[in-house]
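Reviewing the structure listed below.
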Amino acid sequence: MYSKDEVSQLKQQFWTAFGQYIAPQLSAEGLRVNWINYKTGLKHVYFKMQADKRSAVIAIELTHPDPGIQELFFEQFKEFKNIMHAALEEPWTWELHAQDEYGKTISRIYKQIDGVSIFNKSDWPSLISFFKPRIIALDEFWNDVKYGFDALK
């Protein structure tokens, strides 16, 4: 078991290492981007990467507090599903109105791998190999479709 400080420190070390590894990668628009805290430019729409002791997840999270508006965003993403799958080259899981770890209603589109741990440094190459191509593909996808969400701003 790790102490709270050790858990925090290991997570910080991983995300720092990942950030340094991916930093040279420019966005689809040719700009520098903070990949770990990716900004979609759209309130309540987030690209999230998370890892814990058992798995890793990369997701598009829709967090609008109004479930109806959240569903509109989800439906808009469904309109672009073919473009998304072409960019990612794999199917992702689609969840409308799920609960996050805090009991808040969110919708999300995500890919998860199991059997990896952020606390095992020998898993870090696998985690980086999981996150890097997917966040880059999400950026390419978002660059192509973000204007399709202007009406929902």
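The values are calculated or read from the model by the stated rules, or taken from the named source; none is laboratory data. A quick note: this is a predicted structure, and the numbers were derived from the prediction, not measured. Using ideal geometry, Cβ is built from the backbone for each residue, glycine included, and neighbour counts are taken over all protein chains shown.
Some points to look at:
- ILE22 being modelled with pLDDT under 95, surrounded by fewer than 18 Cβ atoms within 10 Å (Cβ to Cβ) and hydrophobic (A, V, I, L, M, F, W, C): no
- Scanning segment 43-71 for residues that are modelled with pLDDT of 95 or more and among the aliphatic types (A, V, I, L, M) yields VAL45, MET49, ALA51, ALA56, VAL57, ILE58, ALA59, ILE60, LEU62.
- Of all residues in segment 6-42, exactly one satisfies the criterion of being of a type in the set (S, T, N, Q), over 30 Å from GLN70 (Cβ atoms) and in a loop (DSSP other than H, G, I, E, B), namely GLN25.
- Selection within segment 130-139: residues that are in contact with a Leu (Cβ under 9 Å, 6 or more places away or on another chain) and in contact (Cβ under 8 Å) with a residue 24 or more places away in the chain. The member of this set that is surrounded by the most Cβ atoms within 10 Å (Cβ to Cβ) is LEU138.
- Just one residue in the set SER55, SER8, SER27 is touching a residue at least 60 places away in the same chain (Cβ under 8 Å), polar (S, T, N, Q) and under 17 Å from ILE118 (Cα atoms); that residue is SER55.
- Residues of segment 60-110 that turn out to be part of a helix (DSSP H, G or I) and β-branched (Val, Ile, Thr), as a count: 2
- Meets criteria (surrounded by 13 or more Cβ atoms within 10 Å (Cβ to Cβ) and assigned to a strand (DSSP E or B)) for LEU127: no
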